[in-house]
Amino acid sequence: MNRMLELRARWTLVTGASSGLGQEIARSIAREHGGNVLVVARRRERLEALCEELRSRHGVQADFIVADLSRPEDVERVFTEATREREIHGVILNAGVTYWGEALKLDWKEFQSMLDTNVTSLVRLSTLFARYFVERRVGGGLMFVSSVAGFIPVPYQAAYSGTKAFILSYGQALAQEVRREGVSVTVFAPGGISTELLDKAGLSNRFKAGDMGVMSAEECASHALRAFIHRKELYVPGLINQTLTLAARLLPRGFLAQRTAAMYRP
Ligand SMILES: NC(=O)c1ccc[n+]([C@@H]2O[C@H](COP(=O)([O-])OP(=O)(O)OC[C@H]3O[C@@H](n4cnc5c(N)ncnc54)[C@H](OP(=O)(O)O)[C@@H]3O)[C@@H](O)[C@H]2O)c1
């Protein structure tokens, strides 16, 4: 495997790039690395505006695919369209949604949509793109966005933290299987990021940029890209988040869940 992933003048696909972390990752690929980006999300106008910005400011190629990743047919189409006219070298599976509240009040359809977006689409796209990388011997890289919530059972985000734990386990296991084929898998596990995700969930009053460990999307994106390029298998950005995940590996999970419940109780 090439030691570092080269993004310059190559295509990287980024899901969930219409806001927050994904948008800043796409910007950073273009601005700092001169890489081409293919961005994916549901909100067309945001993707169009982002592509226009990246082409005009940074002289890279930028394109978008409008897709709802909770729909299996859209997930298949993302792979087909992405690989039809270009060679993809990097894939960053970042799209995700959360639910904050009592688990018993989580609407069943909302749960299924979260599972399809956060987990099923990630497994499907990573399988398709990892095979594609292996067959083409392009030495590509994948990155999955998990969370510190993947290390800790988080009451009142019970299902969400479960999806992030899945990503952590699946990603680290997959990394071992495909590394011998020259393909890297990076699991990136940030703590709080000041984005629309916290606004939509109603959590932005509790977790603000500048509070303990909460990062801006721009700062978090620069950590994410460093980990991706260096083909790290697991990366937790920031000292506070690193300390939390270390504690999560040492302390009893019941104790952690109890302490976390106090922080998240609505
Ligand atoms: N914010 C945090 O505190 C935090 C902490 C740890 C980990 N994370 C993780 O970081 C990742 C990015 O989150 P963020 O904070 O940047 O949130 P965000 O600003 O809400 O961005 C989420 C992105 O995912 C896309 N998305 C959501 N559902 C989708 C669907 N069904 N199909 C296609 N795209 C979809 C959204 O685009 P459209 O709405 O346009 O489709 C948007 O671009 C997520 O995986 C999240 O779990 C966030």
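Annotations
Conditions tested, residue by residue: (1) more than 16 Å from the ligand (Cβ to nearest atom); (2) modelled with pLDDT of 95 or more.
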| residue | (1), (2) |
| --- | --- |
| ARG86 | yes, yes |
| ASN94 | no, yes |
| TYR99 | no, no |
| THR127 | yes, yes |
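- Qualifying residue in the stretch 213-223 (condition: at pLDDT 95 or above, in contact with a Leu (Cβ under 6 Å, 6 or more places away or on another chain) and not in a helix (DSSP H, G or I)): no
Per-residue answers, yes or no, for (1) out of contact with any strand residue (DSSP E or B) (no Cβ under 7 Å at 6 or more places or on another chain); (2) of a type in the set (D, E, K, R):
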position	(1), (2)
GLU32	yes, yes
ARG44	no, yes
GLN61	no, no
GLU81	no, yes
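- Residues of the stretch 207-220 that are under 22 Å from PRO266 (Cα atoms), open to solvent by 90 Å² or more (accessible area, probe 1.4 Å) and not aliphatic (A, V, I, L, M): LYS208 alone.
- Residues that are open to solvent by 60 Å² or more (accessible area, probe 1.4 Å) and either of a type in the set (Phe, Trp, Tyr) or within 16 Å of the ligand (Cβ to nearest atom) (or both) do occur in the stretch 57-72, at least one of them.
- In the stretch 189-206, of all residues being small (Gly, Ala, Ser) and crowded, with 20+ Cβ neighbours inside 10 Å, the one that is nearest to the ligand (Cβ to nearest atom) corresponds to GLY192.
The values are calculated or read from the model by the stated rules, or taken from the named source; none is laboratory data. Since the model is a prediction, treat every value here as computed from it, not as a measurement. Positions of Cβ are backbone-derived with ideal geometry, glycine not excepted, and every protein chain shown enters the neighbour counts. For accessibility, only protein heavy atoms count, side chains too; no ligands or nucleic acids. Shrake-Rupley method; radii C 1.70, N 1.55, O 1.52, S 1.80 Å.
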